[in-house]
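Please read the structure below before turning to the comments.
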C-alpha cells in the first residue's frame, strides 16, 4: 500500500458532512447488535460488500476527518517511510527531521544513501513529544498562576 496524503476539497467536505450523521447512527446500531461483519450495498452497482465492523469504524473516522476539512493519510503501521513523508507527518521541515534522526531522537536505517524510518518509531516519537510539550505547558501555566500573571 502506498502512502497517500491528499487535501480535502470543499465539495468532499460537504459530502462527508452530510454522510457523517448516518454513519454514526449505523455504527451505534451495529455495535448494539454486536455484529462482527457489516454488509454495505453499493447503490450504483447493486453490489453487496462484506467488511469487518472495525473497517466501518475506520470509515466513520475517515469521513469525520473529511467533514472537518482535515487531510487524510492511510499508512500501514509497519510501513517504512522516507524523510519527506516523515516530515509531513510531524509537520516539520525535512532538514529538521534529518537532524532528529542524526542525533538519535528517532531510530532509522540507511538504504544506500537514503534514510528510512519505521512508521511506528516516528509515531512513538510524535506521541512522546506531544506529551512532553503538554507537561511543559502545564508547568508554565502553573508558574504563571503562582506569580499571578493574569493567565
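Roughly speaking, what is the centre-to-centre gap between segment 112-151 and segment 65-106 when only Cα atoms are used, to the nearest Å?
16 Å
Among 44-54, 76-86, 7-17, what's the highest-first ranking by average C-beta atoms within 10 angstrom per residue?
Details: 44-54: 9.9, 76-86: 15.5, 7-17: 13.0.
So the order, starting with the most tightly packed, is 76-86, 7-17, 44-54.
Output the relative contact order of segment 1-137, whole-number percent, from Cα pairs under 8 angstrom with separation of 6+ residues. Can you show the working numbers first?
Working: 137 pairs, mean separation 33.8, N = 137.
Answer for segment 1-137 is 25 percent.
Please give the direction-averaged projected area of the C-alpha convex hull for segment 80-146, in square nanometres with one decimal.
The orientation-averaged projected area of the Cα hull of segment 80-146 comes to 4.9 nm².
Taking Cα atoms, how many degrees apart are the long axis of helix 10-33 and the longest axis of the chain, rounded to 10 and kept between 0 and 90?
Approximately 70 degrees, to the nearest 10.
In degrees from 0 to 90, rounded to the nearest 10, what is the angle of the helix 119-146 Cα long axis to the longest principal axis of the chain?
It is inclined by approximately 60 degrees.
Can you give the helix-only mean residue ellipticity at 222 nm for the chain, where every DSSP H stretch with n ≥ 4 adds -39500 (n - 2.57) and the sum goes over all residues, rounded to the nearest 500 deg cm²/dmol? Don't jump to the answer; show the numbers that get you there.
On the way: 5 runs with 84 residues, N = 151.
The helix-only estimate for the chain comes to -18500 deg cm²/dmol at 222 nm.
Name all residues of segment 3-42 having a backbone nitrogen under 11 Å from the label point set 7 Å from the Cα of residue 55 along its Cα→Cβ direction, giving them as ranges.
Only 37-40 pass the distance filter.
Given a Förster radius of 35 Å and the C-beta distance between residue 10 and residue 30 as r, what FRET efficiency does 1/(1 + (r/R0)^6) yield to the nearest 0.05?
Details: r = 30 Å, r/R0 = 0.86.
For residue 10 and residue 30, the calculated efficiency is 0.70.
Helix 53-67 sits at what angle to the longest principal axis of the chain, using alpha carbons and giving 0 to 90 degrees rounded to 10?
70 degrees
When the distances between all Cα atoms of the chain are binned every 10 Å from zero, what whole-number percent does each bin get?
9, 24, 26, 23, 14, 2, 0
Values in this text are rule-based calculations from the coordinates and carry no lab data. Computed from a prediction, not measured in an experiment: that's the story for all the values here. When we count neighbours, we look across all protein chains shown, and the Cβ atoms used for this are built from the backbone with ideal geometry, even at glycine.
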